[in-house]
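Student: Let me begin by handing over the structure; questions about it come next.
The values are calculated or read from the model by the stated rules, or taken from the named source; none is laboratory data. All of these numbers come straight from a predicted model, not from anything done at the bench. So basically every Cβ, Gly included, is an ideal-geometry build from the backbone, and we count neighbours across all protein chains shown. Calculation scope for accessible area: heavy atoms of the full protein, side chains included, ligands and nucleic acids excluded. Shrake-Rupley method; radii C 1.70, N 1.55, O 1.52, S 1.80 Å.
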Amino acid sequence: MTNNAQKKQPFEWQPNSKILLFTLLLLPLLLALGYWQLQRADEKQQILDQYQTNRQLSPVSNATELAAAADLQYRRAWIEGQIDNQRTIILDNRVKNGRPGYEILQAVEVRGASPKLLVNRGWVPASLDRAILPTIPDIETEVQLRGFLYRTLRGGYQLDDGVGRVLDWPSRVGWIGVERAEELFGERFFPYQLRLDHDSPGALETGWVTVSVQPHKHTAYAVQWFAMALTLLILTIIANSNLISYLKKQPSDNLSG
């Protein structure tokens, strides 16, 4: 009897310098994008948690609470005051349901307080003629404004719209925050703006989005980036070795006698 053993083909590296260089450049980028999406998911979840927690607290109703250093982000507020109808901020490039428009912001003199409160009354559609600004109905009497407090989140890039201290009202601007309002109006403001509820006096079209992308979507994007990184790694190994033929050629024994 004679045993003929077919030896298994050894695994061998066959490096391709161009493919390896491409992988070394692209792989860290794919991994970084995946970890960035996980970080964004965590940030969005923290925002949603803060929203849920603070919305359950009792409404802020006076100047003392407005000036507090405590976390008031997304806290409900019922504020009595008089809107300054003579000075209006028209926040440009606010798209709603696919339609271009503006958000309208005005200053409110809060009862019993010297700083003003920046109030976002909501959204209005824009005219096809950019030279025509929207007409906003005035609120002549002192009213109780109802909404939630909001401070502009950090991050993002703000384009310079070239607007400083405003003397000719209304003023159309590209971005706004409390610090920017102090520059535009030349007055002090409370740290948070008030975004009105739909049933508040002075409200226009409201409906505020807490986060534009939900945390689970960021997590799904991260999985996609990591999957691409794994695929790239596998393809690189295949392109730089005899892995395919190594796996195909398994040892076999032929017996004869």
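Student: How long is the stretch 40-156 along each principal axis, judged by its Cα atoms, biggest number first, in Å?
Tutor: 43, 41, 20
Student: Could you give the C-alpha radius of gyration of the stretch 90-154 expressed as a fraction of 2.2 N^0.38 Å, taking N as the number of residues it contains?
Tutor: Details: Rg = 14.0 Å, N = 65, 2.2 N^0.38 = 10.7 Å.
Ratio of Rg to 2.2 N^0.38 Å for the stretch 90-154: 1.30.
Student: Looking at the stretch 58-116 from every direction and averaging, what is the projected area of its Cα convex hull in nm²?
Tutor: Values: hull surface 22.3 nm².
Result: a mean projected hull area of 5.6 nm².
Student: From the C-alpha coordinates alone, can you work out the Kirkwood hydrodynamic radius of the chain, in Å?
Tutor: Details: mean 1/r = 0.0434 Å⁻¹.
Result for the chain, one decimal place: 23.1 Å.
Student: Then there is this: Going by alpha carbons, how many degrees (0 to 90, nearest 10) lie between the helix axis of 17-55 and the longest principal axis of the chain?
Tutor: Once rounded, one gets 40 degrees.
Student: Probe of 1.4 angstrom, ligands and nucleic acids ignored: what's the accessible area per residue over the chain, in square angstrom?
Tutor: Heavy-atom accessible area per residue stands at 61 Å².
Student: Cα axis of helix 215-239 to longest principal axis of the chain: angle in degrees, 0 to 90, nearest 10?
Tutor: On a 0 to 90 degree scale, this one is about 30.
Student: What number does the stretch 85-128 give for Rg over Rh if you use C-alpha atoms and the Kirkwood radius?
Tutor: Numbers: Rg = 12.9 Å, Rh = 11.6 Å.
Ratio of gyration radius to Kirkwood radius: 1.11.
Student: For the chain, which whole-number percentage of the solvent-accessible area (1.4 Å probe, protein heavy atoms only) is attributable to carbon and sulfur atoms?
Tutor: Numbers: 8740 of 15760 Å².
Solvent-exposed carbon and sulfur of the chain make up 55 percent of the total.
Student: On to the next question. May I ask for the net charge around Ala107, where only other residues with Cβ less than 12 Å from the Cβ of Ala107 are counted and Lys, Arg are +1 while Asp, Glu are -1?
Tutor: On the way: positive: Arg87, Lys116, Arg121, Arg188; negative: Asp84, Glu109, Glu182, Glu187.
So the environment of Ala107 carries a net charge of 0.
Student: So who's got an amide H within less than 5 Å of the one on Ala126, skipping anything under 5 residues away but keeping other chains? H placed 1.01 Å off N, in plane.
Tutor: Gly101, Tyr102
Student: Post the alpha-carbon centroid distance, the stretch 28-85 to the stretch 178-257, in whole angstrom.
Tutor: Cα centres, the stretch 28-85 to the stretch 178-257: 22 Å.
Student: Please check the chain for the longest run free of GluC sites (Glu not before Pro) that are loop-located per DSSP (anything but H, G, I, E, B) and have at most 11 other Cβ atoms within 10 Å.
Tutor: Working: sites that count: Glu12, Glu140.
Counting only loop sites that pass the neighbour cut-off, the longest clear stretch is 13-139.
Student: Leaving ligands, DNA and RNA out of it, work out the accessible area of Ser245 with a 1.4 Å probe and give it in Å² to the nearest 10.
Tutor: 40 Å²
Student: Also: In square angstrom, rounded to the nearest 10, how much accessible surface does Leu233 have for a 1.4 Å probe?
Tutor: Its heavy atoms expose roughly 80 Å² to the probe.
Student: Determine, at each q value in 0.12 (inverse angstroms), the log₁₀ of I(q)/I(0) that the Debye formula gives when each Cα of the stretch 177-257 is one equal point scatterer.
Tutor: Those come out to -0.73, one per q.
Student: What relative contact order, as a whole-number percentage, does the chain give when Cα pairs under 8 Å and 6 or more residues apart are counted?
Tutor: Working: 441 pairs, mean separation 82.2, N = 257.
Result for the chain is 32 percent.
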